[in-house]
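The values are calculated or read from the model by the stated rules, or taken from the named source; none is laboratory data. Note that this is a predicted model, so its numbers are computed, not measured. Neighbour counts run over all protein chains shown; Cβ positions are idealised from the backbone, glycine included. The protein model used for the area step is the full one, side chains on, heavy atoms only, and it has no ligands, DNA or RNA in it. Shrake-Rupley method; radii C 1.70, N 1.55, O 1.52, S 1.80 Å.
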Amino acid sequence: MKTCTTIAHYRALYREVKSSGQRRIGFVPTMGALHEGHLSLARALKHHCDLRVCSIFVNPTQFNDPKDYQAYVINLQNDQRLLEQEGVDILFAPDVSEIYPRGFQTTVKVSHLSAPLEGALRPGHFEGVATVCAILFSIIGPDCAIFGEKDFQQLRLIEQLVSDLKLPVEIVRGALIRDTDGLALSSRNSRLSVKGREHALLISRGLFAAAEAFQAGERDAFCLEQIVRASIAQMSNPEIDYVTVVDEESLAPVSTLVGRCRLLVVARVDGVRLLDNLAFAEA
Ligand code: AMP
């Protein structure tokens with residue numbers, strides 16, 4: 001695997017790759033602290049391209065809380081080793097000044113999809129995400145890029161961004177990966193205490209119970225949301241940011257499940273925000 005930290009170095013590699021015979025480039029952007037969720041995306045990418053590029057960049061502009069940014073610790077050497085083992089071809093790991101040099105002043109905003117849910121609770125977060133993804137697409141020049149369903153609103157936002165700006169990149173959806181006990185994998189899980197992790201499991205258990213109710217015929221969004229809320233309420237100090245069933249396309253809340261819907265949940269355990277979600281699919 002080749003690692004580059006500058007745009008100039010990456011572009012030189014890109015020219016080399018393209019001149020050696022028009023290869024299809026696949027891209028996985030990450031913020032490091034890699035786990036099986038990220039690696040599953042790098043693996044899935046194999047089916048869509050010839051050359052795999054991953055980026056590791058902890059993007060300061062998407063952290064609305066400076067403390068969260070400071071607490072976001074990554075181990076670049078360990079991440080490099082994991083990507084190498086996966087057979088990734090190129091790692092792009094720039095410094096903040098390479099992406100946002102002095103005088104930087106452009107922002108990309110996907111208006112409707114960035115307004116509710118995470119957007120409402122984390123002002124500026126999605127402008128940061130959309131802007132850095134537009135920059136990374138422009139640097140990497142991928143033919144396809146894969147984003148995890150774990151961050152479902154982010155995934156929808158990127159799909160919209162690419163469609164609106166007519167960017168020549170195909171966005172592929174990567175399945176949400178869970179630990180064996182059901183907890184959605186997240187770089188933030190390492191901040192949970194042993195007790196906190198037990199509490200965190202109530203989130204996915206609630207989602208699985210809602211899935212069972214859906215399979216049994218329940219189509220009322222409020223009832224399905226209540227199942228998740230009731231599970232989370234078993235925590236000693238439950239802190240729910242939202243539990244809501246939305247239309248997958250518009251992310252607007254629904255009252256009755258028709259078509260493609262998704263239950264999105266965010267709860268805080270040990271002060272750590274945990275995101276999870278579940279797609280409702282007709283059997
Ligand atoms: P992050 O490093 O958190 O910015 O995530 C980078 C990419 O990995 C995003 O597309 C995430 O949606 C994806 N991702 C993170 N956790 C998971 C997971 N548990 N399953 C699938 N994809 C994930």
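One residue alone among S204, S163, S138, S187 is within 25 Å of N75 (Cβ to Cβ) and either among the polar types (S, T, N, Q) or in contact with a Ser or Thr (Cβ under 6 Å, 6 or more places away or on another chain) (or both), and that residue is S187. Take R268 and tell me if it is open to solvent by less than 60 Å² (accessible area, probe 1.4 Å), in contact (Cβ under 8 Å) with a residue 12 or more places away in the chain and among the basic types (K, R). It is false that R268 is open to solvent by less than 60 Å² (accessible area, probe 1.4 Å), in contact (Cβ under 8 Å) with a residue 12 or more places away in the chain and among the basic types (K, R). Right, F126: open to solvent by less than 20 Å² (accessible area, probe 1.4 Å), touching a Gly at 6+ places or on another chain (Cβ under 8 Å) and in a helix (DSSP H, G or I) or not? Answer is yes for this residue. Residues in segment 104-114 that are within 19 Å of D65 (Cβ to Cβ) and either surrounded by 13 or more Cβ atoms within 10 Å (Cβ to Cβ) or in contact with a Lys or Arg (Cβ under 7 Å, 6 or more places away or on another chain) (or both): S114 alone. Residues that are more than 9 Å from the ligand (Cβ to nearest atom), surrounded by 13 or more Cβ atoms within 10 Å (Cβ to Cβ) and assigned to a helix (DSSP H, G or I) within segment 159-188 comprise E159, Q160, L161, V162, listed in sequence order. In segment 209-254, of all residues being surrounded by 13 or more Cβ atoms within 10 Å (Cβ to Cβ) and among the polar types (S, T, N, Q), the one that is nearest to N277 (Cα to Cα) corresponds to T244. Here C261 meets each of (1) modelled with pLDDT under 95; (2) of a type outside the set (G, A, S); (3) open to solvent by less than 20 Å² (accessible area, probe 1.4 Å) with one exception, condition (1). Does segment 215-231 include one or more residues that are modelled with pLDDT under 95 and over 30 Å from V110 (Cβ atoms)? No.
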